[in-house]
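**Q** If you scroll down you'll find the structure; I have some questions about it.
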Amino acid sequence: MAVQRTLSIIKPDAIAKNVIGDIIRRFEENGLAVIATRMTQLSDEQAGRFYAVHRDRPFYKDLCAFMSSGPILATVLEGKNAVALNRQLMGATNPKEAETGTIRADHADSIDANAVHGSDSEENAAIEIAFFFGDLDLNSRQ
Ligand code: CMP
C-alpha cells in the first residue's frame, strides 16, 4: 500500500464540542501521522472556493455558511492508504448512516454539521492540501 497524504478538516461543530483531541487520537491510533495543522476561520467566499466542486448542489449556500460560522482545524495526514483510511475513520457523510465507532457516528449531529471533512481522492487531496498549506509547512514523518 502506498504512503499517501490527505486533508482532514475538523468542522466548526466539532471544534465547538472541544473534541479535537479525540479526533486526532483516532487518526494516530490508526497509523496516520499529523504532518501539518492550522486553525483558521474561513470567510464565506473562501469556503465557497474550497467547496467549488459543489457549487451547483442545493446545499452549497448552507454548506459555505456553516463552514465559515466558526473556527476549523485543517490537518494534513500522512500514512499508508491515508485517503481511504481517513474516510473509513470518518464514517458516512450522513451521520445516520455512519458505522458505529466512526467519528461521525460519535460526534456529528446532521449531514450539515457532520464534524469532519476528508479528501475523497489522492488528486483532490493534493488540491485541498495546497488550499491551506505551502510546501514548507509539510513535515513528512516517513
Ligand atoms: P463534506 O465531506 O465536507 O463534503 C461536502 C459537505 O456538504 C458534506 O461533507 C456535508 O456536510 C454537506 N452536505 C449537505 N448536504 C449534503 C448532501 N445531500 N450530500 C452530500 N453532502 C452534503
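**Q** So how many residues does the range 93-129 have that are open to solvent by 70 Å² or more (accessible area, probe 1.4 Å) and of a type in the set (A, V, I, L, M)?
**A** Going through the range 93-129 one residue at a time, the tally reaches 2.
**Q** Let me ask you something else. May I ask you to verify whether Ile127 is in a loop (DSSP other than H, G, I, E, B), at pLDDT 95 or above and either over 20 Å from Ala2 (Cβ atoms) or within 16 Å of the ligand (Cβ to nearest atom) (or both)?
**A** On the way: in a loop (DSSP other than H, G, I, E, B): no; at pLDDT 95 or above: yes; either over 20 Å from Ala2 (Cβ atoms) or within 16 Å of the ligand (Cβ to nearest atom) (or both): yes.
When the stated conditions are applied, Ile127 does not pass them.
**Q** Let me ask something else. Taking Phe59, is it aromatic (Phe, Trp, Tyr), more than 10 Å from the ligand (Cβ to nearest atom) and touching a residue at least 12 places away in the same chain (Cβ under 8 Å)?
**A** Values: aromatic (Phe, Trp, Tyr): yes; more than 10 Å from the ligand (Cβ to nearest atom): no; touching a residue at least 12 places away in the same chain (Cβ under 8 Å): yes.
No; evaluated as a whole, the condition is false for this residue.
The values are calculated or read from the model by the stated rules, or taken from the named source; none is laboratory data. It should be emphasised that the depicted structure is a prediction, and the values quoted were computed from it without experimental measurement. Cβ sites come from the backbone with ideal geometry, for glycine too, and all protein chains shown count toward neighbours. For accessibility, only protein heavy atoms count, side chains too; no ligands or nucleic acids. Shrake-Rupley method; radii C 1.70, N 1.55, O 1.52, S 1.80 Å.
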